[in-house]
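*Asks:* Sending over a structure as structure tokens; questions will come in a sec.
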Ligand code: ADP
């Protein structure tokens, strides 16, 4: 007999289970039954491609046995079983890292269903048992093994005699305590209740010995008890059931059981499609984002079943990237069971299903936006960024699908608004959809560049995420209205003002020329501003690349050194300009100094870095003394 230690992470997880304060300990049974069902699926799937195997439906089942005297509960399955290595690898380690990091992040929320979320399902047995014994004989080997663990100390493994292929898990239940009774997991009625609740749709029979009352032969009104083996679950998968037979709780239950997420789903979509391709699907829009959602690790995809047999855990082809947050499953009787990964991309049926699903999700989200605004805002908080990426990616191929789903913060409403809402409120003379970019709403609010647009009474959309401006560049316009940055050269406002600033620029031409000379390389031009009211200076940009885009692009790893063409705008009505003017007339050094200070101020306001902060502070000191 070999004695081994658990891998460190598993050990911590196990300790967590053993000391679990989790209130729904009963879910351990759901976890073990689900593993058993997966193990039978594996044989079934093998038999489809392996001629030497035949799958006799009647030979495959899961059995639950309780023994009140010994206080043991046993879960037996006729699935693929595990080899010695598999017992060690599957039950001694946690496949997916990050599970514990996740747990500590959510430490405070005690009722979290982390169990199984990360493939920790089997360990949940330790919530109710002191000793867990797994005896397994694999399909591909003659040798059976016994694995046993009393908890975090480690486990033993040794050869064992077993005829039947499959796995048998025995739980030695914990002693009852003042607050907790473990005896309930021996009670046949309670067990049936738990199975019905969580595992009713499991495709294989879950058998149990149950006590039934029978009329005594020959005697009226007299009954006798006897025990018979019964199938406890209905075996109809939930997605095959009629929508009106099901309650929201049923869908939530399934979401949980499948570990699609640790939250409650925000919405579910149940599809029975009878068109060109027949399929059923249950899709979920989650409420919160998985901890790894915006990372490389996150894998999108739906479970794919062919005729109710699971053939793929995460079929990425079924979901477009912009809806990668959707969870759920698809089952089609028109799909070939041994479809390979390579074939998937070209599979006509699958493409039709994917298109359909895309449309359904879009419509569901539009409905949510229309009818349950608050819920939509919650959703958007988590996944809005992904939708905006969706507008931008593939050169805008999906922008028509997504443009009505994206929202931006509005200067007027002080909350996220849709483009449709913005455009519907536009006064007739307003030409453009205005936006301003910055790190936060507060900072944008104070940007000098917003002054003139705000003064006109126009609504401004605040862009705080990197993707925002890129997305609308791809979108180009909404309802035929173009987007315009408040920092752009042409704001399309009030032509009087325009003429005035042009004469002003002419009037002060020499001064501006001199400044331009001093700031050569740094700015493309210096002009009188038509957008400033209370501030002396700001930066704007000419051309396609805005200052905000320059910031985003220069932060990227493959920095291509793309620069915005910057314009330094001066408010000639501001008192500061008078000082500038008199310095220009009489004191060359002072004019130099003022030019540099004003330019650096404009950079700071824009959230850009001052190239030489020491020089800048020295310059300010010179003015102060
Ligand atoms: P998950 O089921 O999420 O992968 P578990 O900790 O529940 O995580 O199980 C780990 C692995 O152990 C499973 O993926 C499976 O390979 C194996 N396993 C568990 N129970 C059984 C079983 N009854 N029969 C065969 N293999 C099993």
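*Asks:* In terms of the Cα gyration tensor, with a ≥ b ≥ c the square roots of its eigenvalues, is the stretch 345-391 rounded because a/c is under 1.5, prolate because a/b exceeds b/c, or oblate?
*Replies:* Numbers: a/c = 4.02, a/b = 1.93, b/c = 2.09.
It comes out oblate by the Cα gyration axes.
*Asks:* Could you tell me the ratio Rg/Rh of the chain? Both radii from Cα atoms, Rh via Kirkwood. All intermediate terms of the calculation are to be shown ahead of the outcome.
*Replies:* Working: Rg = 33.7 Å, Rh = 29.6 Å.
Radius of gyration relative to Kirkwood radius: 1.14.
*Asks:* Arrange the peptides 42-55, 76-89 so that the one whose residues have, on average, the most other Cβ atoms within 10 Å appears first.
*Replies:* Values: 42-55: 13.1, 76-89: 20.1.
Packing order, densest peptide first, comes out as 76-89, 42-55.
*Asks:* What is the gain in length, in nm to one decimal, between residue 347 and residue 373 on full extension, counting 0.36 nm per residue of separation less the C-alpha to C-alpha distance?
*Replies:* Extending this stretch completely gives an extra 5.6 nm.
*Asks:* Highest first, please rank the peptides 298-306, 179-187 by the mean number of other Cβ atoms sitting within 10 Å of their residues. Write down the numbers at each step before the final one.
*Replies:* On the way: 298-306: 19.6, 179-187: 15.0.
Peptide ranking by packing, descending: 298-306, 179-187.
*Asks:* Would you give the gap between the C-alpha center of the stretch 156-177 and the C-alpha center of the stretch 365-386, rounded to a whole Å?
*Replies:* Cα centroid of the stretch 156-177 versus Cα centroid of the stretch 365-386: 48 Å apart.
*Asks:* At a Förster distance of 56 Å, what's the computed FRET efficiency of residue 150 paired with residue 440, Cβ-Cβ distance as r, to 0.05?
*Replies:* Numbers: r = 54 Å, r/R0 = 0.96.
With a Förster radius of 56 Å, E is 0.55.
*Asks:* If neighbour count is taken as other Cβ atoms inside 10 Å, put 160, 323, 591 in order from fewest to most.
*Replies:* Values: 160 14, 323 24, 591 21.
Ascending Cβ contact count within 10 Å gives the list 160, 591, 323.
*Asks:* Quickly work out the residue 299-to-residue 604 label distance, labels modelled 7 Å from Cα along the C-beta direction, and quote it in nm with one decimal.
*Replies:* Between residue 604 and residue 299, the simple spin-label model gives 5.1 nm.
*Asks:* Right, here's the next one. Quick one: helix 373-392 against the long Cα principal axis of the chain, what's the angle to the nearest 10°, folded into 0 to 90?
*Replies:* 70 degrees
*Asks:* Here is a further query. Fully extended, how many nm does the chain gain between residue 517 and residue 57 (0.36 nm per residue separation, minus their Cα-Cα distance)? Walk me through the numbers before you get to the answer.
*Replies:* Numbers: separation 460, 0.36 × 460 = 165.60 nm, distance 8.66 nm.
Going from the current span to full extension adds 156.9 nm.
*Asks:* Explain nothing, just the number: relative contact order of the chain, from Cα pairs under 8 Å at least 6 residues apart, as a whole percent.
*Replies:* On the way: 1035 pairs, mean separation 48.7, N = 625.
Relative contact order for the chain comes out at 8 percent.
*Asks:* Per-residue counts of other Cβ atoms within 10 Å, averaged by peptide: what ranking do you get for 366-372, 464-470, highest first?
*Replies:* Working: 366-372: 14.0, 464-470: 18.6.
The densest-packed peptide leads the list: 464-470, 366-372.
*Asks:* Counting helices only, and only those DSSP H runs with n ≥ 4, report the 222 nm mean residue ellipticity of the chain as the sum of -39,500 (n - 2.57) divided by its residues, in deg cm²/dmol to the nearest 500.
*Replies:* Numbers: 20 runs with 225 residues, N = 625.
When only DSSP H runs of four or more count, the value is -11000 deg cm²/dmol.
*Asks:* For a footprinting-style exposure proxy, rank 400, 525 by other Cβ within 10 Å, fewest first. Don't jump to the answer; show the numbers that get you there.
*Replies:* On the way: 400 10, 525 18.
Ascending number of Cβ neighbours within 10 Å: 400, 525.
*Asks:* Within the stretch 132-169, list the residues whose amide N lies under 16 Å from a label point set 7 Å along Cα→Cβ of residue 86.
*Replies:* Those under the cut-off are 134-147, 160, 162-169.
*Asks:* Counting only the backbone N, which residues of the stretch 66-90 are under 20 Å from the spot 7 Å out from the Cα of residue 142 toward its beta-carbon?
*Replies:* Counting only backbone N, you get 81-86.
*Asks:* Please compute the Kirkwood hydrodynamic radius over the stretch 438-594, one decimal place, Å, based on all pairs of different Cα atoms.
*Replies:* 17.0 Å
*Asks:* Pull out the extension gain between residue 213 and residue 226, defined as 0.36 nm times the separation in residues minus the alpha carbon to alpha carbon distance; nm, one decimal.
*Replies:* 4.0 nm
*Asks:* Continuing with the same structure: In terms of the ratio Rg/(2.2 N^0.38 Å) built on C-alpha atoms, what value belongs to the stretch 535-625? Each step should come with its number before you reach the end.
*Replies:* Working: Rg = 15.1 Å, N = 91, 2.2 N^0.38 = 12.2 Å.
Taking the Cα Rg and dividing by 2.2 N^0.38 Å, one obtains 1.24.
*Asks:* Taking the beta-carbon count within 10 Å as an exposure proxy, list 508, 270 from fewest neighbours to most. All intermediate terms of the calculation are to be shown ahead of the outcome.
*Replies:* On the way: 508 21, 270 16.
Result, fewest neighbours first: 270, 508.
*Asks:* On to the next question. Specify the angular offset, from 0 to 90 degrees and rounded to the nearest 10, of the alpha carbon long axis of helix 613-624 from the longest principal axis of the alpha carbons in the chain.
*Replies:* 40 degrees
*Asks:* Using only the alpha-carbon atoms, how far is helix 509-518 inclined from the longest principal axis of the chain? Give it as 0 to 90 degrees, nearest 10.
*Replies:* Its long axis makes an angle of about 50 degrees.
*Asks:* First measure r as the distance between the Cβ atoms of residue 24 and residue 573, then evaluate 1/(1 + (r/R0)^6) with R0 = 60 Å and state the FRET efficiency to the nearest 0.05. Mind dumping the intermediate values first?
*Replies:* Values: r = 69 Å, r/R0 = 1.14.
The formula returns an efficiency of 0.30 here.
*Asks:* First measure r as the distance between the Cβ atoms of residue 394 and residue 181, then evaluate 1/(1 + (r/R0)^6) with R0 = 56 Å and state the FRET efficiency to the nearest 0.05.
*Replies:* Numbers: r = 57 Å, r/R0 = 1.02.
Computed FRET efficiency for residue 394 and residue 181 comes out at 0.45.
Where a number appears in this text, it was derived from the coordinates with a stated rule and is not lab data. Computed from a predicted model, the values in this text were never measured in an experiment. Virtual Cβ from ideal backbone geometry, glycine too; neighbours counted across all protein chains shown.
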